[in-house]
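The values are calculated or read from the model by the stated rules, or taken from the named source; none is laboratory data. All of these numbers come straight from a predicted model, not from anything done at the bench. Don't worry about glycine lacking a Cβ; one is built from the backbone with ideal geometry, like all the others, and counts go over all protein chains shown. Accessible surface is based on the protein model in full, side chains and every heavy atom, while ligands, DNA and RNA are left aside. Shrake-Rupley method; radii C 1.70, N 1.55, O 1.52, S 1.80 Å.
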Amino acid sequence: MASATEKKGGKAPAMQESGIEVDLRLYFGFLGLIMSCSFWAGLQSSSSSSSPLDNSLVNDSFPSDKMPNSAADRSKIVRDAFLVSDEKLADVSAAGKVKFDPTAAAAGEHLLVDIEGIEADFLDSESRLADAMVTTCKEAGLEMLSYHCHSLEPKGVSCVGVLLESHMSFHTWPDEGVITLDLYVTTVSTNTEQQAKQKALVPDVVDIIKKEFGVVNPDKPAPRPLNTRWSHEFRGFDPSAAQENDGIHLAGSDLALWVLSPLEMHTKNLIHSSWTQSNQRVDIWDIKEVVDTPNKIEIIKFGLKEGDPRLHTPELTIPDRYIFINGRMLSDSDSNSVQYETIVHPAMFAHEGPKDVTVLAGPTQAGSGVIREVLKHNTVSSITAWNTNSKLVEEIIPPLLIDLDDCRALIGRADSCIKDPLVSLEYFGEKAFSSVIAPETFSKPQDAIFVLDFDSIVKTTDNLVESMKVLMNALTEKGVLLFPIGTASAIHDPRADLGVHARREELFLALESLDEVAAMLVYEEPHAGNLEPDGFLLVCKDSSCRQRWYARSDQVEYQIYDRLVRTQAVVNPILGIEEKKGVLEYFDGTTMRSYQWPKKGWETVYCRREPTPWECAYTHLDPKAQFFDLDLDDEEESDFRVETTTVMEDGEEEQMTKVFAAEDMPKGSYIMAEHLASSLMVTERNLEGLLNNTKLTLKDGTEENVARTPIIEDLLEFIDEHGHPSMMEGSAQHYIEVGGTALIRRTEDPSEANLEPWVPRRRTPKPVYSPVYERHRMSMDVFVVTSRDIAEGEELVMFEEMWSTPTID
């Protein structure tokens, strides 16, 4: 088919205008030439009309003669850039006011600010917005070089200001009452006078922006109330540049993570910021998240009813108060009960009745919350708390973080925890925290020592092993040490000495090397206020602490009742009414039960040690091995045959059972695993109670055996024959075989036996720290395997002392 051009005889289509025929190619070529000329002329005109940004523009509103005259003009660029000329920049630099340093760090600070609830007219006014931008930069101590503003149709303004330090830009939505703004600042000046003029982005510049841009008009209210959200980030690739703001607002710090960085915050208010006498920077912030909704107390306080929309907004929520020391989060009001109950009570109940307690707070901690929890124990007679200085503990925390120092509800204690007569406050000032770890620090042996900042000790001590030895020697015979040890180990963590927890591994290895350490137990708590579970280390001088550590939940509940002080009603500072609470808000017997088994992450990281710890080969039953079970209901399905014979024992006939293999059983096969998994666990206290029921105590204090409880006596005899103590020293636990293995004959001759424990008993002592043993202690204490090949028809025989006799080095 012929084309359109071909239909016209090879000529392009023509235009008919006033009888004149025009070739379209000539027309568009000529039009393009005219547009190019116009564009070049515009560039020349713009260049020649630019002028410097002088002080009159910085100090006054933008001149009215520069404003657009019509709505049509507002759809174009309505203001030329006001550029600083090269001559003026040279003059300024020569005068020493601003000097760009090309060697400055390739980094800076970025501030994002979103404000809602602003007057619509303000958000649609280039003049007022430009004035606010210029004034903000001036008050912030920043050097503006130029700016552009665009009015948009039908409404809204976009502006960008070029600063010597970088830029400031924003966009507005008048009908919604919203502005989104960003300010990026780099370090370009080496002049100390200029640096002194520049304000800190947080909180100073944030407050300036809120003042200049947060314009409201009561007569023309915005759709939503005035509210500001902001985020601060360190940018670039120079880590040293993140040491701004007195060296504590570090990129990646807790302060950055919880306060500076998040933009999705309804409220961020700085309550307090100061330095203590010992170079501690203390920052206290009130935080409300956009997802917060009223809790029980807030619903009562504000009388909220079902259907009230405020039940689903943060409007009436009470801010959570955070305290940071040198950028590290110390505590927050919402989680501090969980945090300090988790630190204190597991350690205190691991001791039979602690009297003398020492709290070593360290430079990034304060002992107030620990003191509060220790005072809840009625066995305590003295608490010595070492802190860096008095300002934090005595002046800042009591009025601003009331919960940490509130003992009003504890009967028999002072209203202020730190002012209780049992408490002695000591301060080490500007000395290294490790210097407190000295024999003279402890006037007498302590039952419990809480070391709240292990990281500072590891960093500053000359000999970590000796420092740990000092702490262990400062304990009584059954004393305990407690260390909060940071984020709990996770299964994807590298070998501990290679990762971020290398200092923690140094601490562990130092403690493991000491003869004074009998047990090291790790636990974690996911609700202590951090994004990831917090880890804790309990160190025992005597292994008997395991007996209390492994206590059943009901036993712990009784200890809580017996050993903690009673409470009384006090006025709730939020509700303004009297209320009575229990002595503990979070910790109880069931919570303690969850601490008794280290989580998988601790075991995984421990087993990445080199060389691999021996016991790591026993973290699970061997899936390649064979399992043989006894089925008493179906002999054909059973892997064993049970026979009963009559034997003479001390001149009397007795029935004896024997168990025989119904098929060949290779070495290492599991024997009656299902039965053994049902073994009965009893404690030494249980056994003592049973034994006491078979005795009668006479008036002179002597004991007489009485034949009143034959059932109990038979039970004790069975336990003695078929039970064995746990291999975990100090646990005071015994396991009694109540299944088919109880039918297997025992022998005094180890060479006759053909069964052995799944985990061989070693001649070398078990490590004082092993999450493997702690996690799998029950499996290691009950499962049995064949010690050699057993042929079909051969009798199974156990060595009666196999659970306590070492067989390998």
>> Pairs needed: first member in the range 440-452, within 9 Å of Thr476 (Cβ to Cβ); second member anywhere, open to solvent by 80 Å² or more (accessible area, probe 1.4 Å); C-beta distance under 6 Å; at least 6 residues apart or different chains.
In response: Asp447/Lys355
> Here are some conditions: (1) open to solvent by 70 Å² or more (accessible area, probe 1.4 Å); (2) modelled with pLDDT under 90. Val706 meets all but one. Which one does it not meet?
Replying inline: (1)
>> Cβ contacts < 6 Å: first residue open to solvent by 10 Å² or more (accessible area, probe 1.4 Å), restricted to the range 729-757; second residue assigned to a strand (DSSP E or B) and of a type in the set (D, E, K, R), any location; separation 6+ or different chain. Result?
In response: Arg745/Lys658
>> Of the residues Ile711, Ile790, only one is more than 30 Å from Arg608 (Cα to Cα) and at pLDDT below 90; which?
In response: Ile711
>> So Pro218 ticks every box in (1) at pLDDT below 90; (2) part of a helix (DSSP H, G or I); (3) open to solvent by 60 Å² or more (accessible area, probe 1.4 Å) but one. Which box is left unticked?
In response: (2)
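To keep it simple, each residue is scored yes or no on (1) of a type in the set (D, E, K, R); (2) open to solvent by less than 40 Å² (accessible area, probe 1.4 Å); (3) within 30 Å of Asp406 (Cα to Cα); (4) assigned to a loop (DSSP other than H, G, I, E, B).
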| site | (1), (2), (3), (4) |
| --- | --- |
| Thr591 | no, yes, yes, no |
| Thr612 | no, no, no, yes |
| Asp622 | yes, no, no, yes |
| Arg641 | yes, no, no, no |
| Thr646 | no, no, no, no |
| Thr657 | no, no, no, no |
| Glu674 | yes, no, no, no |
>> Quick check on the range 511-533: of everything there that is in a loop (DSSP other than H, G, I, E, B) and acidic (Asp, Glu), which residue is farthest from Glu466 (Cα to Cα)?
In response: Glu532
> strands (runs of 3 or more DSSP E) wholly in the range 717-807 with at least 2 residues that are within 27 Å of Cys616 (Cβ to Cβ) and out of contact with any helix residue (DSSP H, G or I) (no Cβ under 6 Å at 6 or more places or on another chain) - which ones?
Replying inline: 723-725, 733-736, 755-757, 784-786
>> Residues that are open to solvent by 30 Å² or more (accessible area, probe 1.4 Å), β-branched (Val, Ile, Thr), closer than 15 Å to Glu516 by Cβ and not in a helix (DSSP H, G or I): does the range 443-462 have at least one?
In response: no
>> Looking only at the range 593-610, filter to residues that are part of a helix (DSSP H, G or I) and in contact with a strand residue (DSSP E or B) (Cβ under 6 Å, 6 or more places away or on another chain); which one of those is farthest from Phe508 (Cα to Cα)?
In response: Tyr595
> Here are some residues: Asp420, Asp415, Asp403. Which one is free of Cβ contacts under 8 Å to residues at least 40 places away in the same chain and more than 30 Å from Asn463 (Cβ to Cβ)?
Replying inline: Asp415
>> I'd like to know if the range 133-143 contains one or more residues that are closer than 14 Å to Val215 by Cα, of a type outside the set (S, T, N, Q), open to solvent by less than 40 Å² (accessible area, probe 1.4 Å) and modelled with pLDDT of 95 or more.
In response: yes
>> Filter the range 355-369 down to the residues that are modelled with pLDDT of 95 or more and surrounded by fewer than 24 Cβ atoms within 10 Å (Cβ to Cβ) and list them by number.
In response: Lys355, Asp356
> Any idea which of (1) under 27 Å from Ala414 (Cα atoms); (2) open to solvent by less than 40 Å² (accessible area, probe 1.4 Å) is the one Leu304 doesn't satisfy?
Replying inline: (1)
> If we only count strands (runs of 3 or more DSSP E) wholly inside the range 115-181, which ones have 2 or more residues that are closer than 24 Å to Leu263 by Cβ?
Replying inline: 157-163, 166-173
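Given the criteria among the aromatic types (Phe, Trp, Tyr), within 30 Å of Arg777 (Cα to Cα), under 49 Å from the mean Cα position of the chain (by Cα) and at pLDDT 95 or above, does Phe627 qualify?
yes
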> Among the residues of the range 527-543, which ones are among the small types (Gly, Ala, Ser) and at pLDDT 95 or above?
Replying inline: Gly535, Ser543
> How many residues, within the range 486-498, are assigned to a loop (DSSP other than H, G, I, E, B), within 17 Å of the chain's Cα centre (by Cα) and not polar (S, T, N, Q)?
Replying inline: 5
> For the range 139-177, which residues satisfy the criterion of being more than 28 Å from Pro218 (Cβ to Cβ), of a type in the set (D, E, K, R) and out of contact with any Leu (no Cβ under 9 Å at 6 or more places or on another chain)?
Replying inline: Glu153
> Which of the residues spanning the range 145-181 are charged (D, E, K, R) and open to solvent by 30 Å² or more (accessible area, probe 1.4 Å)?
Replying inline: Glu153, Lys155, Asp175, Glu176
> Pick from Phe536, Phe483, Phe508: which is in contact with a helix residue (DSSP H, G or I) (Cβ under 6 Å, 6 or more places away or on another chain), aromatic (Phe, Trp, Tyr) and not in a loop (DSSP other than H, G, I, E, B)?
Replying inline: Phe483
> Is it the case that some residue within the range 374-389 is of a type in the set (Gly, Ala, Ser), within 16 Å of Leu481 (Cα to Cα), in contact (Cβ under 8 Å) with a residue 12 or more places away in the chain and crowded, with 22+ Cβ neighbours inside 10 Å?
Replying inline: yes
>> Out of the residues in the range 287-301 meeting the condition of being in a loop (DSSP other than H, G, I, E, B) and out of contact with any helix residue (DSSP H, G or I) (no Cβ under 8 Å at 6 or more places or on another chain), tell me which one is surrounded by the most Cβ atoms within 10 Å (Cβ to Cβ).
In response: Asp292
> Which members of the range 350-397 meet the condition of being within 12 Å of Leu425 (Cβ to Cβ) and part of a loop (DSSP other than H, G, I, E, B)?
Replying inline: Ala361, Ala366, Gly367, Thr388, Asn389
